[in-house]
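Visitor: Below is a structure I'd like to ask you about.
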Amino acid sequence: MGKSLTAPQNTGATARQRCLQPSCGGIYALADRVYVCSRCGGPLEIDAPLGVATGDPAALREKWRLRAASPDAKNRSGVWRYREFLPLDPDAPVTLFEGNTPLYDAPRSAEYCGIDVLQLKHQGCNPTGSFKDTGMTVAVTHAAMLGAKTTICASTGNTAASLAAYSARARFRCAILVPYGQISSAKLAQSMDYGASIFEVEGNFDDCMRLVQELGGDPAIYVANSINPFRIEGQKTVVFELMEQCGWRVPDAVVMPGGNLGNSSAFGKGFNELRDAGLIDRVPRLYVIQAEGSAPFVRMFEELGPHPSGPEHNLPETMIAETHPYTLATAIKIGAPVSWKKSLRAVLESRGEVIAATEQEIADAKAIIGREGIGCEPASATTVAGIRRLAREGKIRCDENVIAVLTGHLLKDPEYVSNYHRGTLALPAEPEGMRRERRIDGAFQNCPQRVAANKSAILKRLESREA
Ligand SMILES: *Cc1c(COP(=O)(O)O)cnc(C)c1O
């Protein structure tokens, strides 16, 4: 692969990996495969002194706009198009033309939430159906530049599908660790088709994560979980594309689901860098929504007390994990999120919040998004459920400009959708007898109807239905 590990062309400075613990300050080269700080175990972040910050914002916007119409692979990718802000600049990145996802007006969802205008940034329209692709193109390209031959990740399904696809493009061996029996069959089918070695671990996601950290000690194995700071770099470009689509007018609030909390970390970093480079003049409030039964980040946030704001707030040192995460939104069924420090910093700096949505709220919000003709997977619908709650509590005003980030595609979890509309959706009983089965009401049910093979029977049923 072309150039070695270089900083963006026009910075003249060298990007590096920096430990986020203020008391540590560990620094690593881009070629160091450490993932977390080897001195203190803290999270790493890519620190690229941005030469573009002193450049001309208008010229940079124009350059990006022109690249979007270029046939060149590197320009067609909705991630590599923004390479001035990426730590790597290879001649031939491992790409599936990720990014380039639509921003939709969602009037039905806005009405449901009780606000005037709501827009949906649909990251489910990426090549493998989730936002994970925007980070994976950078991580797998990094792996290729380091000469890795095997990639590995723990996953609730979407990271696996994405890593499997990009690893196939790069002709890597790929190992996927998923909790046995917990993954949507559609997501698992993707990894099978992309040729990954799939290990169904007898344990939960957090067990898979621990195993990946142990296996990642082998220098031949490249770890692609979101503790890997290169993934965050790719994911932050979603903000750049979003701001382009908004005509560089900053929204008031951006709302996204929270699982491992890599995505919200990436949004925080993306907005901060655009502001520091003079491309936007302020950062929107960032809201992270978790599912009620899988909400360790919500509990931590509540314990910070009323109106926590700004980085000067006394930040906790550790997070108390949820040992039995419990939700049908499997993409965010994570009890010990690895990126909570970065995400908390982003939420606090932006003066946003972290709240929970119930299973019923998530299910209904998902059906409303579907009625827009858009659709998403359950985890993504926490956003609309959360906005509805925030609007009711007066934390989002009805005239504010709000964007919800849909993280995954409707077809990622067809069983859930079908059960909701047939009125058979339920949270299963916990094996240890901790919780009983709980049914979820299909409040906006749309069940297929059996009908005689007869024209007038069909017309009669159609007439009784509103558009
Ligand atoms: C991964 C994922 C999430 C959670 O994102 P984090 O970065 O782990 O917080 C939410 N929704 C979908 C569809 C996902 O694939």
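Visitor: Being closer than 21 Å to residue 357 by Cα and among the hydroxyl-bearing types (Ser, Thr, Tyr) is the filter; apply it to the range 419-460 and report the residue that is surrounded by the fewest Cβ atoms within 10 Å (Cβ to Cβ).
Guide: That would be 424.
Visitor: Hey, residue 407 hits all of (1) out of contact with any Asp or Glu (no Cβ under 8 Å at 6 or more places or on another chain); (2) of a type in the set (Val, Ile, Thr); (3) within 16 Å of the ligand (Cβ to nearest atom) but one; which does it fall short on?
Guide: Failing condition for residue 407: (1).
Visitor: To continue, here is another question. Looking at 366, 395, can you tell me which residue is within 16 Å of the ligand (Cβ to nearest atom) and not aromatic (Phe, Trp, Tyr)?
Guide: 366
Visitor: Out of all the residues in the range 187-212, which are among the small types (Gly, Ala, Ser), farther than 15 Å from residue 223 by Cα and surrounded by 22 or more Cβ atoms within 10 Å (Cβ to Cβ)?
Guide: If the condition is that a residue be among the small types (Gly, Ala, Ser), farther than 15 Å from residue 223 by Cα and surrounded by 22 or more Cβ atoms within 10 Å (Cβ to Cβ), then 191 is the only one that fits.
Visitor: So for the range 70-84 (the condition being touching a Leu at 6+ places or on another chain (Cβ under 8 Å), closer than 18 Å to residue 239 by Cβ, surrounded by fewer than 24 Cβ atoms within 10 Å (Cβ to Cβ) and at pLDDT below 95), does at least one residue qualify?
Guide: yes
Visitor: From the residues in the range 141-179 that are at positive phi and modelled with pLDDT under 95, which one is nearest to the chain's Cα centre (by Cα)?
Guide: The residue in question is 157.
Visitor: Checking the structure you have, find out if any residue of the range 44-54 is closer than 23 Å to residue 143 by Cβ and in contact with a Cys (Cβ under 7 Å, 6 or more places away or on another chain).
Guide: Yes, there is a match, as at least one residue in the range 44-54 is closer than 23 Å to residue 143 by Cβ and in contact with a Cys (Cβ under 7 Å, 6 or more places away or on another chain).
Visitor: Follow-up. Just to be sure before I move on: is residue 182 over 24 Å from residue 149 (Cα atoms), at pLDDT below 90 and not in a strand (DSSP E or B) in the structure I sent?
Guide: yes
Visitor: Applying the selection to the range 228-278, what residues are surrounded by fewer than 22 Cβ atoms within 10 Å (Cβ to Cβ) and not in a helix (DSSP H, G or I)?
Guide: Of everything in the range 228-278, those that are surrounded by fewer than 22 Cβ atoms within 10 Å (Cβ to Cβ) and not in a helix (DSSP H, G or I) turn out to be 246, 247, 248, 249, 250, 251, 252, 277, 278.
Visitor: With (1) under 16 Å from residue 377 (Cβ atoms); (2) away from the ligand (no atom under 16 Å from the Cβ) as the list, and residue 444 as the residue in question, which single condition is left unmet?
Guide: For residue 444, the exception is condition (1).
Visitor: Then there is this: Select the helices (runs of 4 or more DSSP H) contained entirely in the range 357-428, then report the ones holding at least 1 residues which are among the aromatic types (Phe, Trp, Tyr). Before the answer, list the steps.
Guide: Numbers: elements: 359-371, 378-392, 414-422.
In the range 357-428, 414-422 are the helices (runs of 4 or more DSSP H) which contain 1 or more residues that are among the aromatic types (Phe, Trp, Tyr).
Visitor: Could you check residue 302 against (1) more than 15 Å from the ligand (Cβ to nearest atom); (2) in contact with a Cys (Cβ under 9 Å, 6 or more places away or on another chain) and say which number it fails?
Guide: Every condition holds for residue 302 apart from (2).
Visitor: Sticking with this structure for a sec: Out of (1) at pLDDT below 95; (2) within 24 Å of residue 328 (Cβ to Cβ), what's the single condition that is false for residue 287?
Guide: All conditions are met except number (1).
Visitor: Related question: Determine the pairs where a residue that is without any contact (Cβ under 8 Å) to a residue 60 or more places away in the chain and over 14 Å from residue 228 (Cα atoms), located within the range 147-163, has a partner that is within 12 Å of the ligand (Cβ to nearest atom) and aromatic (Phe, Trp, Tyr) with Cβ atoms under 9 Å apart, the partner being 6 or more residues away or on another chain.
Guide: Between residues of the range 147-163 that are without any contact (Cβ under 8 Å) to a residue 60 or more places away in the chain and over 14 Å from residue 228 (Cα atoms) and residues that are within 12 Å of the ligand (Cβ to nearest atom) and aromatic (Phe, Trp, Tyr), the close pairs are 162/131.
Visitor: Can you name every residue in the range 279-304 that is in a loop (DSSP other than H, G, I, E, B) and closer than 30 Å to residue 60 by Cβ?
Guide: Answer for the range 279-304, where residues must be in a loop (DSSP other than H, G, I, E, B) and closer than 30 Å to residue 60 by Cβ: 279, 280, 281, 282, 283, 284.
Visitor: Related question: Can you give me the number of residues within the range 243-267 that are within 16 Å of the ligand (Cβ to nearest atom) and within 19 Å of residue 84 (Cα to Cα)?
Guide: Counting residues in the range 243-267 that are within 16 Å of the ligand (Cβ to nearest atom) and within 19 Å of residue 84 (Cα to Cα) gives 2.
Visitor: Would you call residue 352 within 16 Å of the ligand (Cβ to nearest atom) and small (Gly, Ala, Ser)?
Guide: Values: within 16 Å of the ligand (Cβ to nearest atom): yes; small (Gly, Ala, Ser): yes.
For residue 352, the condition - within 16 Å of the ligand (Cβ to nearest atom) and small (Gly, Ala, Ser) - is met.
Visitor: Restricting to the range 324-343, and then to whatever is part of a loop (DSSP other than H, G, I, E, B) and hydroxyl-bearing (Ser, Thr, Tyr), can you tell me which residue is farthest from the ligand (Cβ to nearest atom)?
Guide: If we take residues in the range 324-343 being part of a loop (DSSP other than H, G, I, E, B) and hydroxyl-bearing (Ser, Thr, Tyr), then 326 is farthest from the ligand (Cβ to nearest atom).
Visitor: Right, next: Looking at (1) under 26 Å from residue 372 (Cα atoms); (2) touching a Pro at 6+ places or on another chain (Cβ under 7 Å); (3) away from the ligand (no atom under 15 Å from the Cβ); (4) not small (Gly, Ala, Ser), which one does residue 145 not meet, given that it meets all the others?
Guide: Result: residue 145 fails condition (1) only.
Visitor: Could you identify the single residue in 382, 323 that is under 27 Å from residue 159 (Cα atoms), of a type in the set (S, T, N, Q) and either modelled with pLDDT under 95 or surrounded by fewer than 17 Cβ atoms within 10 Å (Cβ to Cβ) (or both)?
Guide: Numbers: 382 fails: either modelled with pLDDT under 95 or surrounded by fewer than 17 Cβ atoms within 10 Å (Cβ to Cβ) (or both).
Among 382, 323, only 323 is under 27 Å from residue 159 (Cα atoms), of a type in the set (S, T, N, Q) and either modelled with pLDDT under 95 or surrounded by fewer than 17 Cβ atoms within 10 Å (Cβ to Cβ) (or both).
Visitor: So, residue 309, is that one of a type in the set (Ser, Thr, Tyr), in contact with a strand residue (DSSP E or B) (Cβ under 6 Å, 6 or more places away or on another chain) and either away from the ligand (no atom under 16 Å from the Cβ) or modelled with pLDDT of 95 or more (or both) or not? Step through it out loud before you land on a result.
Guide: Working: of a type in the set (Ser, Thr, Tyr): yes; in contact with a strand residue (DSSP E or B) (Cβ under 6 Å, 6 or more places away or on another chain): no; either away from the ligand (no atom under 16 Å from the Cβ) or modelled with pLDDT of 95 or more (or both): yes.
Against the criterion (of a type in the set (Ser, Thr, Tyr), in contact with a strand residue (DSSP E or B) (Cβ under 6 Å, 6 or more places away or on another chain) and either away from the ligand (no atom under 16 Å from the Cβ) or modelled with pLDDT of 95 or more (or both)), residue 309 does not qualify.
The values are calculated or read from the model by the stated rules, or taken from the named source; none is laboratory data. All values reported here derive from a predicted model rather than from experimental measurement. A quick note on method: Cβ atoms are made from the backbone with ideal geometry, for glycine too, and the neighbour counts reach across all protein chains shown.
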